[in-house]
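Each remark here refers to the structure printed beneath this line.
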Amino acid sequence: MTSQSPALLVTSAFVRTMAAYNAGMNQRIYDASARLSDAARREQRGAFWGSIQGTLNHLLWADQLWMSRFDGWDKPTATQKDSADLITDFATLRQARETADGKITAWAARVDDAWLRQDQTWFSGGLGRDVSQPRSFLMVHFFNHQTHHRGQAHAMITAAGEKTGDTDLFLLPNVVEVAMQG
């Protein structure tokens with residue numbers, strides 16, 4: 001069933017813009033993380049997912065889960081509780097992140113406003129039941145979740161003495177270019 005909403009919460013241009021932002025910021029976060037030692041990436045720092053590596057793992061896990069719903073990706077085999085340990089090797093995690101970002105960008109290019117006007121229905125393991133929400137609303141959650149946890153990773157990376165460069169949406173040239181294309 002399709003929701004009858006008077007206007008979209010977000011448009012396909014928003015999805016493409018946020019996919020570009022996601023990919024650009026992930027590259028900066030992973031570049032900074034790679035300059036840290038493995039021990040520093042794994043150090044428990046009091047964040048919700050524990051460490052930088054745990055947070056990056058959870059982000060990849062969540063993106064894979066949502067994309068299994070949105071675009072038919074394979075659902076991650078780990079549970080949410082175990083998502084911080086999804087991939088133990090940093091180089092492998094980074095490659096998986098880059099692959100996911102490429103696929104998210106390609107998917108975002110295919111998203112149109114008609115798709116966003118539809119509801120998405122899925123089984124929520126956390127709630128133990130089927131859930132149905134407007135896709136345009138879920139796009140806000142999808143990208144907000146990424147930004148939220150990437151902010152945690154950014155804070156931990158900064159506390160560990162590394163820098164990621166600019167994080168503001170309007171300061172990333174690739175994102176501005178995508179946004180201006182509409």
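Cβ-Cβ distance below 6 Å, separation of 6 or more or different chains: which pairs start in the stretch 55-76 with a residue that is more than 23 Å from ARG42 (Cβ to Cβ) and basic (Lys, Arg) and end on one that is part of a helix (DSSP H, G or I) and modelled with pLDDT of 95 or more?
Filtered contacts from the stretch 55-76: LYS75/SER68.
Can you tell me which of ALA100, ALA96, ALA91 is in contact (Cβ under 8 Å) with a residue 40 or more places away in the chain and in a helix (DSSP H, G or I)?
ALA100
Looking for something touching a residue at least 12 places away in the same chain (Cβ under 8 Å), surrounded by fewer than 20 Cβ atoms within 10 Å (Cβ to Cβ), assigned to a loop (DSSP other than H, G, I, E, B) and among the hydrophobic types (A, V, I, L, M, F, W, C) - is there at least one such residue anywhere in the stretch 110-117?
Quick first cut of the stretch 110-117, residues touching a residue at least 12 places away in the same chain (Cβ under 8 Å) only: 111-113, 115-117.
From what is left, the residues that are surrounded by fewer than 20 Cβ atoms within 10 Å (Cβ to Cβ) are 112-113, 115, 117.
From what's left, assigned to a loop (DSSP other than H, G, I, E, B): 112, 117.
Those left that are additionally among the hydrophobic types (A, V, I, L, M, F, W, C): none.
No: zero hits.
Based on this model, can you work out whether ALA34 counts as under 12 Å from the mean Cα position of the chain (by Cα), modelled with pLDDT of 95 or more and small (Gly, Ala, Ser)?
It is false that ALA34 is under 12 Å from the mean Cα position of the chain (by Cα), modelled with pLDDT of 95 or more and small (Gly, Ala, Ser).
Does ALA23 fit the bill of being surrounded by fewer than 21 Cβ atoms within 10 Å (Cβ to Cβ), touching a Ser or Thr at 6+ places or on another chain (Cβ under 7 Å) and touching a residue at least 24 places away in the same chain (Cβ under 8 Å)?
Here the answer is no, as ALA23 does not meet what is asked.
Restricting the search to the stretch 79-113, which residues are aliphatic (A, V, I, L, M), touching a Phe, Trp or Tyr at 6+ places or on another chain (Cβ under 6 Å) and modelled with pLDDT of 95 or more?
Listed by number, the list holds a single entry, LEU86.
Going by the conditions given, is ALA34 crowded, with 21+ Cβ neighbours inside 10 Å, over 17 Å from PRO134 (Cβ atoms) and not charged (D, E, K, R)?
It is false that ALA34 is crowded, with 21+ Cβ neighbours inside 10 Å, over 17 Å from PRO134 (Cβ atoms) and not charged (D, E, K, R).
Can you name the residue in the stretch 62-78 that is part of a helix (DSSP H, G or I) and among the polar types (S, T, N, Q) and, of all such residues, is surrounded by the most Cβ atoms within 10 Å (Cβ to Cβ)?
The first filter runs over the stretch 62-78 and keeps only residues part of a helix (DSSP H, G or I), leaving 62-71.
Add one more test, that the residue is among the polar types (S, T, N, Q), and what stays is 64, 68.
Numbers: GLN64: 20, SER68: 14.
Checking each candidate, the answer is GLN64.
Sort out which residues of the stretch 79-91 are among the small types (Gly, Ala, Ser) and surrounded by fewer than 18 Cβ atoms within 10 Å (Cβ to Cβ), and write them in order of number.
ALA91
Based on this model, can you work out whether ASN22 counts as touching a Phe, Trp or Tyr at 6+ places or on another chain (Cβ under 7 Å) and part of a helix (DSSP H, G or I)?
Considered against the rule, which asks whether it is touching a Phe, Trp or Tyr at 6+ places or on another chain (Cβ under 7 Å) and part of a helix (DSSP H, G or I), ASN22 comes out as yes.
Out of all the residues in the stretch 144-165, is one or more outside any loop (DSSP other than H, G, I, E, B), within 15 Å of MET67 (Cα to Cα) and free of Cβ contacts under 8 Å to residues at least 40 places away in the same chain? First the steps, then the outcome.
From the stretch 144-165, those outside any loop (DSSP other than H, G, I, E, B) are 144-159; that's our starting set.
Of the ones still in play, those that are also within 15 Å of MET67 (Cα to Cα) are 144-146.
From what is left, the residues that are free of Cβ contacts under 8 Å to residues at least 40 places away in the same chain are 144.
Yes, because at least one residue in the stretch 144-165 is outside any loop (DSSP other than H, G, I, E, B), within 15 Å of MET67 (Cα to Cα) and free of Cβ contacts under 8 Å to residues at least 40 places away in the same chain.
How many of the residues in the stretch 37-61 are surrounded by fewer than 19 Cβ atoms within 10 Å (Cβ to Cβ) and either within 29 Å of ALA109 (Cα to Cα) or under 15 Å from the mean Cα position of the chain (by Cα) (or both)?
Looking only at that region, the number is 0.
Does ASP130 satisfy the criteria of being farther than 28 Å from ALA47 by Cα, exposed (fewer than 12 other Cβ atoms within 10 Å of the Cβ) and of a type outside the set (Gly, Ala, Ser)? Give the derivation first.
Details: farther than 28 Å from ALA47 by Cα: yes; exposed (fewer than 12 other Cβ atoms within 10 Å of the Cβ): yes; of a type outside the set (Gly, Ala, Ser): yes.
So ASP130 fits the description; yes.
The values are calculated or read from the model by the stated rules, or taken from the named source; none is laboratory data. Small disclaimer: the values here were computed from a predicted structure and weren't measured. Heads up, the Cβs are rebuilt from the backbone with ideal geometry, glycines too, and the neighbour counts pull from every protein chain shown.
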